[in-house]
Amino acid sequence: MANQQKLSYVNDLVETLKQHPHFVLVNYDTISHTSLEQLRGELRKHDGTYFKVVKNSLLKVALLKLAQDTKQDVLHSLMALDSLLLGQTAIIAFSGEWTAPIKAFYTFAKDYDKVAFKVGLIENAVYEASKLEVIAQLPSKEQLYAKVLGSLMAPQSKFVFSLSYTMSSFVRVLKGIQETK
């Protein structure tokens, strides 16, 4: 790439990262183009999600420029993880809800050996690959709300069932007495 092209690429990447404040760097070694397009399709289902294959050296420059522009210290700590900018790198950036795209990538990555999380910046905190995998395995907010609501409703449901069971067994006893007479 010519210097002007690289500069334009870095500036576009910085603007994208400003618009999408949460992002995850992923490794996609030994994956076919068809599979990569399948991953893009899965990620497109989630609004505000951006996926792009990036060159490591230009990504590093973009992250440094973003850190200077936004004065975020957390980006400097991300840059300290230089060893993660090796191999094939892609960026998944999110402007809104980030749990669903992370889950989608994790589900996709299960089928491929060398497709994995590298590092992520979510809610101004740096997460290593192992932490991102844990986040991906957590139930969604809706599932958690349903579990909490179910556990709150369980005692009342059991109470109503026990009352109806007592009444129905009492009615069966009366019916049995009536049939014997």
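The values are calculated or read from the model by the stated rules, or taken from the named source; none is laboratory data. Source: prediction; values computed, not measured. Ideal geometry is used to build each Cβ from the backbone, glycine not excepted, and the neighbour counts take in all protein chains shown.
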For the range 111-131, what are the residues that are over 17 Å from GLU97 (Cα atoms), of a type in the set (Asp, Glu) and either in contact with a helix residue (DSSP H, G or I) (Cβ under 8 Å, 6 or more places away or on another chain) or not in a strand (DSSP E or B) (or both)?
ASP111, ASP113
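Suppose the filter is at pLDDT below 85, more than 26 Å from GLN5 (Cα to Cα) and among the charged types (D, E, K, R); does ASP113 pass it? Don't jump to the end; show me each part of the working.
Values: at pLDDT below 85: yes; more than 26 Å from GLN5 (Cα to Cα): yes; among the charged types (D, E, K, R): yes.
So ASP113 fits the description; yes.
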Could you list all residues from the range 59-110 that are among the β-branched types (Val, Ile, Thr), modelled with pLDDT of 75 or more and either more than 18 Å from LEU36 (Cα to Cα) or not assigned by TED's automatic domain parsing to the domain that holds VAL24 (or both)?
VAL61, THR99
Per-region count, the range 43-68, residues surrounded by fewer than 17 Cβ atoms within 10 Å (Cβ to Cβ) and closer than 23 Å to ALA104 by Cβ
6
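Here's a check for you: in the range 91-110, which residue that is assigned to a strand (DSSP E or B) and among the aliphatic types (A, V, I, L, M) is farthest from VAL26 (Cα to Cα)? Steps first, please.
Of all residues in the range 91-110, those assigned to a strand (DSSP E or B) come to 91-94.
With the extra rule that they be among the aliphatic types (A, V, I, L, M), the set shrinks to 91-93.
On the way: ILE91: 6, ILE92: 8, ALA93: 11 Å.
This residue is ALA93.
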Tell me which residues, restricted to the range 132-146, are part of a helix (DSSP H, G or I) and touching a residue at least 24 places away in the same chain (Cβ under 8 Å).
LEU132, GLU133, ILE135, ALA136, GLN137, LYS141
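Report yes if SER151 is small (Gly, Ala, Ser), in a helix (DSSP H, G or I), loosely packed, with under 10 Cβ neighbours inside 10 Å and modelled with pLDDT of 85 or more, otherwise no.
On the way: small (Gly, Ala, Ser): yes; in a helix (DSSP H, G or I): yes; loosely packed, with under 10 Cβ neighbours inside 10 Å: yes; modelled with pLDDT of 85 or more: no.
No: the conditions fail for SER151.
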